[in-house]
Structure formats: C-alpha cells, structure tokens
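Colleague: Pasting a structure below so you can have a look.
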There are 2 protein chains.
Amino acid sequence: MEKNRKIIDTSGAVIVSCASAVGGKEFEGPLGACFDFHDPTDSFGQKTFERSEAEMQRLVLATAISRIGAKASDIDALFAGDLLNQCVSSAYGLLEYDIPYFGLYGACSTAAEGLMLASVFASRGITRMAAAVTSSHNAAAERQYRNPLEYGGQRTPTAQWTVTGAGAFVVSNAENAERDNVFAEVIEAFPGIVVEKGITDAANMGAAMAPAAADTLLNYFEVSGTSPSDFDMIVSGDLGKEGVSILGEILSASGVDASEKLFDCGMMIYDAEAQDVHAGGSGCGCSAVVLASHLFPKLKSGEISEILFYGTGAMMSPSSLKQGLAIPAVAHLLRLRSPAAKYK
Amino acid sequence: MEKNRKIIDTSGAVIVSCASAVGGKEFEGPLGACFDFHDPTDSFGQKTFERSEAEMQRLVLATAISRIGAKASDIDALFAGDLLNQCVSSAYGLLEYDIPYFGLYGACSTAAEGLMLASVFASRGITRMAAAVTSSHNAAAERQYRNPLEYGGQRTPTAQWTVTGAGAFVVSNAENAERDNVFAEVIEAFPGIVVEKGITDAANMGAAMAPAAADTLLNYFEVSGTSPSDFDMIVSGDLGKEGVSILGEILSASGVDASEKLFDCGMMIYDAEAQDVHAGGSGCGCSAVVLASHLFPKLKSGEISEILFYGTGAMMSPSSLKQGLAIPAVAHLLRLRSPAAKYK
C-alpha cells in the first residue's frame, strides 16, 4: 500500500531567536541556570495559575522578538497552543500582539507542531518571520486534568510532572537572517499520525505516547534512508523514563538500535530522584523550554551538530477517559542542524 | 507603523471534495435537503454526545475522500479541530486515518483555519491533497460550556444555537485536480489577529466576535484594494444576527458599506423564528456544513462567482470567564472563486 508519510522539506528555515520562562521547580533542576526567566512562586505576578501561564507566554514572545532587535510587526504569523481547555493561555497570553494567529492543539507535541508550521511558512517565503509559542503550568494542569494540588493525590511511579514553563521561537528564512542570530537550521519536518494502542491509564502517558513516537521514528528512518547513527541525539519532548524505555523496546523489535541516542526533555529537566518527579517532566512547556534554552544553544555553538527532535502529545481529555476510551497520541518530528557546519 | 497584515497567495489551491453530516434540527432547517447525512436522533449510532460528534467527523472525511475515488493514502495532511476540551472529536473521530495530523484550535473559526492551512500546503505543493475537518455537537457543547440540556437553562435573545454537524474538505493543487471535481478556487487567505473588546457575556458571542470580524475585513479591503462591491457575498461563519448587526455598524462607521453583502452561515442554517434559535447557529460545524453543502456547490455551478468567507472564533473557556476575563476572538478570511469563470 502506498504510504502518505512524506518528508516536508523545510530547508531555508532557521531558528533566529528563542526565549524561555520556568517555575521554581524547573529552576532548581539540572538545567535551571539555562532558562531566561524563573519565578520561584510560579505566579509571574498573576492571581491565578491560568493567568500565570498566559503571562509566561507573553513574556517569552516579547523577549524572543526584542532580543534580535525586531518588533511584533516584523512577525507575520504566530503558531500557538497549550494544554488548557480552549487553549486560553495562548489566546490571552498573546492577545497584546497584533500578529496573525493560528491556534494549535497538539497537546505536548505543540512545540514541535508550531515549529513545523512556522518552518514551513518561513522556508516557503509565506512569512518573513513566524513565531511558535507554547506553555504549561503544573498547578493549572493538575486541577484541570486530575485534582487540585490541595487534594494531595498520590502519584504512581509512571506518572510525570507537568512542567511550569513557556517557550517562544522565531523562525526566519535563512536569506533574511543575520548569521549571528541563527541557532539551528530546520532541515526537514515529518508530521505524525494519530496512534492509539489501547492504553487507558492517564498516569502512564509514556506508554500511550511511545507507539506514536515509534511510528514516526521508524517511518522517518525508512523514508529518509537515515539511521540513529546519523544523529548526535534523538530527543523526545516528554516521553519520560517509562515512555523512552518502551520506545527503545519497540525500536529494537523492529531492528533499530537507538539506545545510545535516545534522550528526553522530560528526563533532562528534573533530577528524577532528588526532585521526586517519578517518570520525568511533561507538558507543552517541557520540550519548549529545553529546546529554547538547552538544545538550541548547543546547536548554535556547534557542540552538537545534528539532531532529531520530536514532540509527542497525548490527545485524550478527562471526559474521553471517563467514557472509557483509550489514549490516542501523535509525534511530530523535526530534523535540526547546527549552523556551525554551514557557516564555518 | 508597518503592518504585518499580509495576504497569503493560495492560488493553485482548489477544493475538490467536501461532505457534511448534521443532526435533526439542522435537517429541519432551510438548508436541510443539502446535507449529505443527517440523523434525527443526533447520535449517529454512538452512546455519548462526544462520540457522536467524533463519528460525524469520521463519516464526512470518509465520504469526502471516497466521492472523488481517492484513498486515505492519497491525502498527505489532515488539519482538524473542534470545540471539545482537548479537541477529542477530531483526535478520536479521525483515528482510523493514517494521515499526518495537524491539530488546530480556532474555536468556531476552525473550518476557515483548516481550509487556510490546507490551501497553503496544496498551493505550494507541500501536499498532493490535504484535508480539513471540523465539527460541533449541540448537546456536547451545552454540557461542556453551559449546562447539560436536562437542566433546561433559559436562553437570552443574543444566545446562539450550537450546530450539530461536521464538515470535511479536500484541497488539491489545481494541476492535479480533475476539472469536474473542482468546487472552488482558494485565491487568497488572510489570517486574523486576536481581538478582545471587553465583552464578558458568554451568551453574546456575536458581540465578542464582531470586532475581530471587522478588523479582518477592514484590513483585507485595505491591503487587497477591494471593496464589498467586488464580491457576490461576504459570508461569516457564525456571527449570528447580533454579530452581523454590530459588524455592519462598525464597517459603516469606517466608511465601508457592506450591508447588502453580509451573510452568515449561522443565520442561513436555521429558520430563527420557527426553530427558536434566537440569534442563529454557531459552532465549528456551522460554517463547515454550510460551506460544504450550500456555498461550495453554488460556487461550483457558477451561481455565485466570488465570495469572501471568514470564520470567527471566540477563544475563551468557561474557566477564563469565571476568572473575570473578557472574550478574545479571531477571524480568518478566505477569498473563494467559482471554477466556472476559469474553465468556461
């Protein structure tokens, strides 16, 4: 059967700016010093968790734009979404920007989905610059998806910890980009399909998302003719310890050994033992802040030269779970290259 | 100040197939005979309202694909979203399709947003064919946004009635399209910015969305050098009677007389008096089914030759309203032309 899994050529798209903001727990983690902003109270001066999350989006986009000497009017499109019902962090957080707004819902794959669409628009000259923004907030997510924090619910070993954080990215066409601003080239994009393998445990998102991740990676390797050895790192957004382990097993069973190359933003952002986060971090903000403040700087400096980054999202809702449905997931992949190679 | 409101050239993108499914009330309305499927029970054989909505999405996409003799593997990208928390109608309804999936959240502007992105992808040759799908379900929306139907809440005169319905569209590049399949050319796309003018009444979405509609229309007329007289119709997704009235006033105050040209899918789909829907229909499904089964066929036949269609979305959530925030809205516009002119 003919497959419709095609690589989208995004060559020409370059990440020219990014910014991140995180909460207290993320600042205390191993990558704490990398992030642009942090608030130990997680509130960013706002009265509700939801507005705190929106404020982080506003802040990181303002920073990403101003740090390259640009204005909001230089950005022709905004791709944004988040985990809150009706994606209100994005709608309210980005309200002050008079930038054409494309709302996304990709759950925790939103950073990858937004970067993908912004890169398509930038590479084809549809926009001069396009931005992608996303966020999550631990307390807002807990009370929406599970229980308010005050309830003190016990967490299972496979549970993940929703990151309080927001990341923003500005994507330009290489022709219009200043060399010194370029963090990474977005070479290719490979959007995922929705996959559901019967997992109904909302406290085990890693298991629900790993099959989608495997589907995207295996198809990408096949279509691109690459293998894990071609990349410095193969980085997931927030599969967590459980999800990465399951993914490794699925890949092995398909004859692909990627064990040395699999990394996960959710496992990098916290010290799992010391910070008691069980299987690792999760949420739209997780991959966004790790990309913005850890991986993109490493690509910029040439410390790493080429990676696959893929964001996974679990697309269920509390209602769909209560109605007995299993958890569908999607994984969107980007091939990112250090500009050091191109310009050296 | 330089504006970043630019027209996206989507010439080359053509709508080659569409399909619609509606509930009982929509079938009883003035356009009832146009729709492809209807179920007087609104259930489409499913046990919950949410699953009924998902089933409508599955059904209309299957129909839109098969009616042009295509297979799911011919569709390279799927742009989908809906009103339910975490957009579960789309995630579950489209699960059986192994098509790369871009999740959207644009509230009731989703049909326009999806068509816009599918048209960008098709016109630039990123995909062979791309599909856009969206839906809403009255009972699912009522219990999520307001109260379960059993509560029997009283509705205010400005309230709108969420349409039970789903629409699917297949967008191709004109080069690969069979002439006989073409419903309309998508000439241009003009994405909107998020606008919030202080409306906090969730029973008056028309007032919340009209300023966004006016912003998009006024900027489009300015940037394109067109005026309302250049179009047969200027059709909103679901502004409703109140929203269209406010929009007309804003346009008039800006020196633009569009009064003869303003139409609204939400006002077309029901007989407001006889069906007791107050200000008209609303919901992602509203514009989707009216486009799919009423406007596109008229463009195909040449009965109308060129229209502006714009979808408006109110981007608040029940939580954001409870926290005292006003309602932000967005309006995405498409310029659609009958193929009759091109091929005659």
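The values are calculated or read from the model by the stated rules, or taken from the named source; none is laboratory data. Note that this is a predicted model, so its numbers are computed, not measured. Methodologically, a virtual Cβ is constructed for each residue, glycine included, from the backbone with ideal geometry; neighbour enumeration extends over all protein chains shown.
Colleague: Just to be sure before I move on: is B:ALA91 out of contact with any strand residue (DSSP E or B) (no Cβ under 6 Å at 6 or more places or on another chain), without any contact (Cβ under 8 Å) to a residue 60 or more places away in the chain and closer than 21 Å to A:ASP82 by Cα in the structure I sent?
Modeller: Values: out of contact with any strand residue (DSSP E or B) (no Cβ under 6 Å at 6 or more places or on another chain): yes; without any contact (Cβ under 8 Å) to a residue 60 or more places away in the chain: yes; closer than 21 Å to A:ASP82 by Cα: yes.
Judged against the criteria, B:ALA91 is a match.
Colleague: What number of residues in the range A:305-344 are in contact (Cβ under 8 Å) with a residue 60 or more places away in the chain and among the polar types (S, T, N, Q)? Steps first, please.
Modeller: The initial filter retains those residues of the range A:305-344 that are in contact (Cβ under 8 Å) with a residue 60 or more places away in the chain, namely A:305-316, A:318, A:321, A:324-339, A:342-343.
Then keep just the ones that are among the polar types (S, T, N, Q); that gives A:305, A:312, A:338.
Within the range A:305-344, residues that are in contact (Cβ under 8 Å) with a residue 60 or more places away in the chain and among the polar types (S, T, N, Q) number 3.
Colleague: Inside the range A:210-227, can you point out the residues that are within 13 Å of chain B (Cβ to nearest Cβ) and within 30 Å of A:ARG155 (Cα to Cα)?
Modeller: The answer is A:PRO211, A:ALA212, A:ASP215, A:THR216.
Colleague: All but one of (1) assigned by TED's automatic domain parsing to the domain that holds B:VAL22; (2) at pLDDT 95 or above; (3) touching a Ser or Thr at 6+ places or on another chain (Cβ under 8 Å) hold for B:TYR97, so report the exception by its number.
Modeller: Tallying (1) assigned by TED's automatic domain parsing to the domain that holds B:VAL22; (2) at pLDDT 95 or above; (3) touching a Ser or Thr at 6+ places or on another chain (Cβ under 8 Å), B:TYR97 fails exactly one: (3).
Colleague: Among the residues of the range A:175-185, are any surrounded by 24 or more Cβ atoms within 10 Å (Cβ to Cβ), at pLDDT 95 or above and within 14 Å of another protein chain (Cβ to nearest Cβ)?
Modeller: No, there is no match, as no residue in the range A:175-185 is surrounded by 24 or more Cβ atoms within 10 Å (Cβ to Cβ), at pLDDT 95 or above and within 14 Å of another protein chain (Cβ to nearest Cβ).
Colleague: Right, next: Please work out which residue is farthest from A:GLY324 (Cα to Cα), limiting yourself to the range A:189-204 and to residues that are at pLDDT 95 or above, surrounded by fewer than 24 Cβ atoms within 10 Å (Cβ to Cβ) and touching a Phe, Trp or Tyr at 6+ places or on another chain (Cβ under 9 Å).
Modeller: Applying the filter and picking the extreme gives A:ILE193.
Colleague: Considering B:ASP76, B:ASP82, which residue is among the charged types (D, E, K, R), buried (at least 24 other Cβ atoms within 10 Å of the Cβ) and in contact with a Phe, Trp or Tyr (Cβ under 9 Å, 6 or more places away or on another chain)?
Modeller: The match here is B:ASP82.
Colleague: Of these, B:LEU325, B:LEU308, which one is of a type in the set (A, V, I, L, M, F, W, C) and outside any loop (DSSP other than H, G, I, E, B)?
Modeller: Sole residue among the options that is of a type in the set (A, V, I, L, M, F, W, C) and outside any loop (DSSP other than H, G, I, E, B): B:LEU308.
Colleague: Can you list residue pairs whose Cβ atoms sit under 8 Å apart, with the first residue in the range B:191-203 being in a loop (DSSP other than H, G, I, E, B) and the second being among the basic types (Lys, Arg) and modelled with pLDDT under 95? Count only pairs 6 or more apart in sequence or on different chains.
Modeller: Qualifying pairs under 8 Å: B:ILE193/B:ARG5; B:ALA202/B:ARG146; B:ALA203/B:ARG155.
Colleague: Sticking with this structure for a sec: Of everything in the range B:303-331 that's among the small types (Gly, Ala, Ser) and under 24 Å from B:ILE8 (Cα atoms), which residue is farthest from the other protein chains (Cβ to nearest Cβ)?
Modeller: That would be B:SER305.
Colleague: Do we find that B:ALA168 is within 14 Å of chain A (Cβ to nearest Cβ), crowded, with 24+ Cβ neighbours inside 10 Å and either in contact (Cβ under 8 Å) with a residue 60 or more places away in the chain or not charged (D, E, K, R) (or both) in this structure?
Modeller: no
Colleague: May I ask you to verify whether B:SER66 is under 18 Å from the mean Cα position of the chain (by Cα) and over 19 Å from B:GLY266 (Cβ atoms)? Spell out how you get there, then give the answer.
Modeller: Details: under 18 Å from the mean Cα position of the chain (by Cα): no; over 19 Å from B:GLY266 (Cβ atoms): yes.
When the stated conditions are applied, B:SER66 does not pass them.
Colleague: When you scan the range A:156-190, how many residues do you find that are outside any strand (DSSP E or B) and polar (S, T, N, Q)?
Modeller: The qualifying residues number 6.
Colleague: Kindly provide the set of residues from the range A:179-200 that are touching a Ser or Thr at 6+ places or on another chain (Cβ under 9 Å), among the acidic types (Asp, Glu) and closer than 20 Å to A:SER301 by Cα, ordered by number.
Modeller: The one that is touching a Ser or Thr at 6+ places or on another chain (Cβ under 9 Å), among the acidic types (Asp, Glu) and closer than 20 Å to A:SER301 by Cα: A:GLU185.
Colleague: Among the residues of the range A:209-234, which ones are touching a helix residue (DSSP H, G or I) at 6+ places or on another chain (Cβ under 8 Å) and in a helix (DSSP H, G or I)?
Modeller: A:MET209, A:ALA210, A:PRO211, A:ALA213, A:ALA214, A:LEU217, A:LEU218, A:PHE221, A:PRO228
Colleague: Looking for whichever is buried (at least 20 other Cβ atoms within 10 Å of the Cβ) and within 14 Å of chain A (Cβ to nearest Cβ) here; the options are B:LEU334, B:LEU295, B:LEU291, B:LEU262. Which one fits?
Modeller: B:LEU334
Colleague: In addition: From (1) over 22 Å from the mean Cα position of the chain (by Cα); (2) more than 14 Å from chain A (Cβ to nearest Cβ), pick out the condition that doesn't hold for B:GLY198.
Modeller: If we test B:GLY198 against (1) over 22 Å from the mean Cα position of the chain (by Cα); (2) more than 14 Å from chain A (Cβ to nearest Cβ), just (2) comes out false.
Colleague: Still on this structure: When you scan the range B:10-44, how many residues do you find that are under 21 Å from B:PHE296 (Cβ atoms) and either at pLDDT below 95 or in a strand (DSSP E or B) (or both)? Give the steps one after another, and end with the answer.
Modeller: Going residue by residue through the range B:10-44, those that are under 21 Å from B:PHE296 (Cβ atoms) are B:10-23, B:26-27, B:29-38.
Narrowing the set further to residues that are either at pLDDT below 95 or in a strand (DSSP E or B) (or both) leaves B:10-23, B:37-38.
Qualifying residue count, the range B:10-44: 16.
Colleague: Now a separate question. What are the residues in the range B:133-155 that are in a helix (DSSP H, G or I), out of contact with any strand residue (DSSP E or B) (no Cβ under 6 Å at 6 or more places or on another chain) and in contact (Cβ under 8 Å) with a residue 24 or more places away in the chain, if any?
Modeller: B:ALA139, B:ALA140, B:ARG143, B:GLN144, B:TYR145
Colleague: Now for a separate question. State the number of residues belonging to the range B:60-74 that are of a type in the set (Val, Ile, Thr), in contact with a helix residue (DSSP H, G or I) (Cβ under 9 Å, 6 or more places away or on another chain) and within 13 Å of B:PHE37 (Cβ to Cβ). Even if it seems obvious, please write down each step before you answer.
Modeller: Keep residues of the range B:60-74 that are of a type in the set (Val, Ile, Thr), which gives B:60, B:63, B:65, B:68.
Applying the additional criterion that residues be in contact with a helix residue (DSSP H, G or I) (Cβ under 9 Å, 6 or more places away or on another chain) yields B:60, B:65, B:68.
The next check asks that each one be within 13 Å of B:PHE37 (Cβ to Cβ); those that pass are B:60.
Qualifying residue count for the region: 1.
Colleague: Counting only residues that are acidic (Asp, Glu) and within 22 Å of B:LYS6 (Cβ to Cβ), how many does the range B:89-120 have?
Modeller: Step one: filter the range B:89-120 for residues acidic (Asp, Glu), giving B:96, B:98, B:113.
Narrowing the set further to residues that are within 22 Å of B:LYS6 (Cβ to Cβ) leaves B:113.
The number of residues fulfilling the criteria is 1.
Colleague: In the list B:LYS300, B:LYS241, which residue meets the criterion of being over 28 Å from B:VAL14 (Cβ atoms) and more than 14 Å from chain A (Cβ to nearest Cβ)?
Modeller: Details: B:LYS300 fails: over 28 Å from B:VAL14 (Cβ atoms).
Unique residue meeting the criteria: B:LYS241.
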